[in-house]
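Scroll down for the structure; my scribbles are underneath it.
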Amino acid sequence: MGAAPQRPLAPHGVAFFYLEPKAPQFDQLRTATRILLGDDEAASLPHLLYGLARHARDGFSTDPTFDPRVAMANRVDGMSRSAVFAGVGVVSLDTPHGSWRDAQHRARGEQDLPGRCYARLIDGTMLLMDRGGEPQFNALTVECSVQDGNTQYDTPSMLWRWNPVLAETAESDPTFHVWRWIGELGRIIDHGSRSR
């Protein structure tokens with residue numbers, strides 16, 4: 001009797017960001033992540049996020065002990081119970097350079113696969129990171145909805161481009177519903193966590 005075939009991973013993953021207040025300022029970030037199997041639930045990133053938002057809303061409204069780090073993640077960094085929710089991030093292999101389905105057929109190796117990351121913090125900051133595949137020279141671009149405050153000291157935190165339009169994504173934009181449901185998921189978790 002042979003082993004059961006392994007199911008592939010989904011082209012999307014989710015991270016819940018937390019800040020550990022007792023850690024040094026440069027080492028406060030903690031994450032709880034969820035990697036999914038490739039099935040219909042995870043095929044569409046907006047629908048995946050919508051489902052997670054519903055799960056969080058239902059969890060907080062029905063279970064007084066609901067914790068997204070336990071109920072919605074399958075890997076969690078070590079953190080204390082006093083860690084504070086800070087936002088949501090998503091990684092996707094669906095990019096402006098093509099869908100994951102198309103990329104699988106074109107890619108000659110791992111370095112040939114583009115990737116995209118979205119992050120929305122509870123203060124409203126939005127980050128969009130794109131890594132191109134080999135045809136794009138594996139270039140990394142980072143866009144942020146707010147200006148880097150450290151530039152006033154001539155020491156920017158990192159090389160990113162200020163893009164205030166991220167916060168005004170039109171409904172016709174393919175990323176509109178991704179941003180919408182990342183924001184809603186973060187809002188639900190932030191509100192639910194604060195009310196405990």
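Here, each number is a calculation from the coordinates, and none is a lab measurement. These figures come from a predicted structure and were not determined experimentally. Neighbour counts are summed over all protein chains in view; Cβ atoms, including those assigned to glycine, are modelled from backbone coordinates with ideal geometry.
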(message) For a protection proxy built on the mean count of beta-carbon atoms within 10 angstrom, sort 43-55, 69-81, 161-173 highest first, please.
(response) 43-55, 69-81, 161-173
(request) Would you please give the residues with an amide H less than 5 Å from that of G87, counting only those at least 5 places away or on a separate chain, with H modeled from the backbone geometry? (result) F17, I122
(message) When a/c reaches 1.5 or more, the comparison of a/b and b/c decides; with that in mind, is segment 42-85 rounded, prolate or oblate per its Cα gyration tensor?
(response) oblate
(message) If amide hydrogens are placed 1.01 Å from N in the peptide plane, which non-local residues have theirs closer than 5 Å to the one on L113?
(response) E134
